[in-house]
Amino acid sequence: MGPRPRARRLERAAPIKLSLEAARRDYLSRWKDSSVKTFIIESRTDGDEPIGMATLYDFRNGGCELGIKIGRDDLRGHGHGAEAVELLLSYCFDTMGLKTVRGSTLAHNVRMQRVFEKLGFKESGDGSIISRFDNKRYTELFYERRWDDR
Ligand SMILES: CC(C)(COP(=O)(O)OP(=O)(O)OC[C@H]1O[C@@H](n2cnc3c(N)ncnc32)[C@H](O)[C@@H]1OP(=O)(O)O)[C@@H](O)C(=O)NCCC(=O)NCCS
């Protein structure tokens, strides 16, 4: 069975282009921000190097926002993102005692939407954003995972 028609259509959308320098500046500024919890993702099966990073931020009203990136293209789609989000949910709910984890992604990012869906997130709305990286307008989808949805 091929990808869903919606997924196929969205796949043709151009990805956001981001220079290595801009990405580095972005990540370093988050490292220095003490209100952001940053996690390095390692894989048991795909080599010794870290494969990605995730952040928990915007802590408010018993919840927080989650962001994640698997660095190398060839390591995406292997289940690492879903496993990392599952571990982060357990950290947020069981260790931090939070009640909600929020997330968002661009409408053409089918993989991230699939990860949210697999982990029980529900779509909670959408919005329009202008990217600070390329100044173009994108549709953003908002997701939410509640502790008591388990
Ligand atoms: C988004 C991201 C974190 C997901 O992590 P990942 O390890 O690649 O994802 P997983 O392998 O755990 O799951 C991907 C799911 O999407 C599905 N998928 C992959 N490509 C797809 C496509 N083109 N269309 C539809 N579904 C697709 C996979 O089949 C899998 O679902 P399944 O387990 O039901 O088969 C990772 O791809 C990434 O870092 N991308 C670049 C940065 C990014 O987009 N970050 C999120 C910003 S909000």
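Can you name every residue in the range 71-119 that is among the β-branched types (Val, Ile, Thr), more than 12 Å from the chain's Cα centre (by Cα), surrounded by 14 or more Cβ atoms within 10 Å (Cβ to Cβ) and assigned to a helix (DSSP H, G or I)?
none
Inside the range 80-95, can you point out the residues that are touching a residue at least 24 places away in the same chain (Cβ under 8 Å), more than 6 Å from the ligand (Cβ to nearest atom) and of a type in the set (A, V, I, L, M)?
Ala84, Val85, Leu88, Leu89
Please work out if Glu123 is open to solvent by 80 Å² or more (accessible area, probe 1.4 Å) and over 27 Å from Ala22 (Cα atoms).
Judged against the criteria, Glu123 is a match.
Can you confirm whether Val101 is within 23 Å of Ser19 (Cα to Cα) and of a type in the set (Val, Ile, Thr)?
It is false that Val101 is within 23 Å of Ser19 (Cα to Cα) and of a type in the set (Val, Ile, Thr).
With the requirement that a residue be of a type in the set (A, V, I, L, M), assigned to a helix (DSSP H, G or I) and either surrounded by 12 or more Cβ atoms within 10 Å (Cβ to Cβ) or at pLDDT 90 or above (or both), what does the range 22-66 give you?
Ala22, Ala23
Looking only at the range 120-150, count every residue that is under 13 Å from the mean Cα position of the chain (by Cα) and among the acidic types (Asp, Glu) and tell me the total.
Looking only at that region, the number is 2.
With respect to Asp149, is the statement that it is at pLDDT below 95 and away from the ligand (no atom under 14 Å from the Cβ) true?
Answer is yes for this residue.
Six or more apart or on different chains, Cβ atoms under 8 Å: show the pairs whose first residue is in the range 102-121 and under 17 Å from Arg146 (Cβ atoms) and whose second is of a type in the set (S, T, N, Q).
Listed pairs, sorted by first residue: Arg102/Ser124; Phe116/Thr105.
The values are calculated or read from the model by the stated rules, or taken from the named source; none is laboratory data. Quantities reported herein were computed from a predicted structural model and do not represent experimental measurements. Ideal geometry is used to build each Cβ from the backbone, glycine not excepted, and the neighbour counts take in all protein chains shown. To get the accessible areas, we keep the full protein, side chains included, count just its heavy atoms, and leave off ligands, DNA and RNA. Shrake-Rupley method; radii C 1.70, N 1.55, O 1.52, S 1.80 Å.
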